[in-house]
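Once you've had a glance at the structure underneath, I'll fire off some questions.
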Amino acid sequence: MKKYLSIILFTAAVTSLTSCLKDDRANLTPTNSPAVVEFSSSTLELPSSSVGAKYALYERAYELDPNIEMPYVINYTGGSAAPKDIKIKLGIKPEAIDEYVAEQAEDGIDLDYTLLPSAFYSIPAEVTIPKGQRMVKINVKLNTTLIEDFDAQYILPISITDADGTTISGNYGTILTKVSVKNKYDGNYTVTATAPMVDATNPGLTGYYPLDSDLITTSPNSVVMFCNTYLGGLQGHPIKSGTANSYYGNFAPIFTMDDNGNVVSVTNFYGQGNNSNSRSARLDPSGVNKFTVSADGTTKTLEVSYIMVQGGGDRTFFHEKWTFEGSR
């Protein structure tokens, strides 16, 4: 994932002070910059929040594991290192979620976020930036095996509540982390056809391969297709209409495997027939229909055949091989 450039981080840190410090142009020089304690984005992905958002929102996805360590860095900014041991107290700020959701709603974005239950994680109550240093690294302990609702959008809002007399950043004193889980099938894949796609209703529609697609966890044994090619990372399946790019609306396959990796069902993310196109999905039992994962998890291959059903009849036949490229 992309990281902030260091110059952007420095600029954001300086900008964050404008709401709580006097406008003193002398403070813009490194030697005169006021000391501020804040969360650093150096160990996080590029935030999914907009540039002007009050809080930065980061997204992280982890395997099902009771002992996840989710790292953060707290910085001491300014012209020099910490002049003393700076004791920093941490806490959870649930109201930050409500503020973020309300702010996004003003821009027409409807979010349904849930506070990550306290049983799922533990954070250090207090950490120290040592004298002469500029940062401290912390780990939040996370147990993803407790997450049963894979559709829930869990948010962890961590806040610096006290900085031992040092100013707390107005922008990065609190950050939001969206926590989701990944099963062993989750990842980014290249999708190719093992046989031509056939649309029985419209022969002019053909397969659009290869595809850059993600498989994203929907349950411990199932994943849904998010396509980066043409659809820009949305749930769906691109096709060709002559020489033009197109896609099937209200259709994205969910693949469900048994404990041995056999594909036992294919369903439609948008509902089995209860959508505006009356589209559903079903497994084509004539295919290989097997998900193979190496012991070390580095090699993953899905061979699957499935059918898009429309109005009760079999319409489109897919025969695909999904080759794992890496984590999403």
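The values are calculated or read from the model by the stated rules, or taken from the named source; none is laboratory data. Quantities reported herein were computed from a predicted structural model and do not represent experimental measurements. Here Cβ is always computed from backbone atoms with ideal geometry, including for glycine, and neighbour counts include all displayed protein chains. With ligands, DNA and RNA removed, areas are computed over all heavy atoms of the protein, side chains included. Shrake-Rupley method; radii C 1.70, N 1.55, O 1.52, S 1.80 Å.
Do any GluC sites (Glu not before Pro) in the range 95-191 lie in a DSSP loop with no more than 15 other beta carbon atoms within 10 Å, and if so, which?
Glu106, Glu148
Per the Cauchy relation, a quarter of the hull surface: what is the mean projected area of the convex hull of the alpha carbons in the range 282-328, in nm²?
Here the figure is 4.1 nm², rounded to one decimal.
Considering only DSSP beta bridges whose two residues both sit in the chain, what percent are antiparallel, to the nearest 5?
Of the beta bridges lying entirely in the chain, close to 85 percent run antiparallel.
Each residue of the range 126-140 in order: what ³J(HN,Hα) in whole Hz does its phi give by Karplus 6.51 cos²θ - 1.76 cosθ + 1.60, θ = phi - 60°, with x for Gly and Pro?
8, 9, 10, 8, x, 3, x, 10, 10, 7, 9, 9, 10, 10, 8
Exceeding 22 Å between C-alpha atoms, which entries from my cross-link table qualify? They are Lys137/Lys178; Lys89/Lys131; Lys84/Lys178; Lys87/Lys131; Lys84/Lys141; Lys137/Lys182.
Lys84/Lys178; Lys84/Lys141; Lys137/Lys182
While we're on this one: What residues qualify as long-range amide H neighbours of Tyr76, i.e. H under 5 Å apart, gap of 5 or more or another chain, H built at 1.01 Å from N?
Correct list: Met135.
Under the rule of at least 5 residues apart or a separate chain, name every residue whose amide H is placed under 5 Å from the amide H of Ala252.
Phe269, Tyr270
Quick one: compute the contact order of the chain, relative version, from alpha carbon pairs under 8 angstrom and 6+ residues apart, as a percent.
The value is 15 percent.
Non-local amide H neighbours of Val309 (under 5 Å, H modeled in plane, Pro and chain starts lacking H): which ones?
Ser280, Ala281, Arg282, Arg315
Of all the accessible heavy-atom surface of the chain, with the other protein chains kept in place and a 1.4 Å probe, what percent is carbon and sulfur?
For the chain, the apolar C and S fraction of the accessible surface comes to 51 percent.
Further question: So for the range 205-328, what are the equivalent ellipsoid semi-axes in whole Å, largest first, each being the square root of 5 times an eigenvalue of the Cα gyration tensor?
23, 17, 13
Please compute the per residue accessible area over the range 146-241 with all protein chains in place, 1.4 Å probe, rounded to a whole number of Å².
On the way: 3530 Å² over 96 residues.
With the other protein chains kept in place, the range 146-241 gives 37 Å² per residue.
Would you work out the relative contact order for the range 171-272, in percent, from Cα pairs under 8 angstrom that are 6 or more residues apart?
That works out to 19 percent.
Find the Cα radius of gyration of the range 52-118, compare it with 2.2 N^0.38 Å by division, and give the number to two decimals.
1.51
May I pose another question? Within the range 100-195, report the trypsin sites (Lys or Arg not before Pro) that DSSP leaves as loop and that have at most 16 other Cβ atoms within 10 Å.
Hits after loop and neighbour filter: Lys131, Arg134.
So, one more: Taking 0.36 nm per residue of separation and subtracting the Cα-Cα distance, what length does fully extending Lys141 through Lys89 add?
17.1 nm
Identify which of Gly173, Gly204, Gly108 has the largest mean-square fluctuation in a Gaussian network model of the chain, with springs joining Cα atoms closer than 10 Å.
Gly108
Using only Cα atoms, find the angle between the long axis of helix 6-15 and the longest principal axis of the chain, and express it within 0 to 90 degrees, rounded to the nearest 10.
That helix lies at roughly 60 degrees to the long axis.
Quick one: among Ala195, Ala244, Ala125, which has the greatest mean-square fluctuation in a GNM of the chain with alpha-carbon springs under 10 angstrom?
Ala244
If eta is 1.567 mPa s and T is 4 °C, what Stokes-Einstein diffusion coefficient results for the chain, Kirkwood Rh from Cα pairs, in µm²/s? Can you show the working numbers first?
Numbers: Rh = 22.4 Å.
Answer, rounded: 58 µm²/s.
Output the 0 to 90 degree angle, nearest 10, between the alpha-carbon long axis of helix 95-105 and the longest principal axis computed from the alpha carbons of the chain.
Helix 95-105 and the main axis of the chain meet at about 60 degrees.
Any idea what % of Cα-Cα pairs in the range 108-189 are farther than 22 Å? Intermediate values should be presented prior to the final figure.
Working: 1419 of 3321 pairs.
Percent of Cα pairs beyond 22 Å in the range 108-189: 43.
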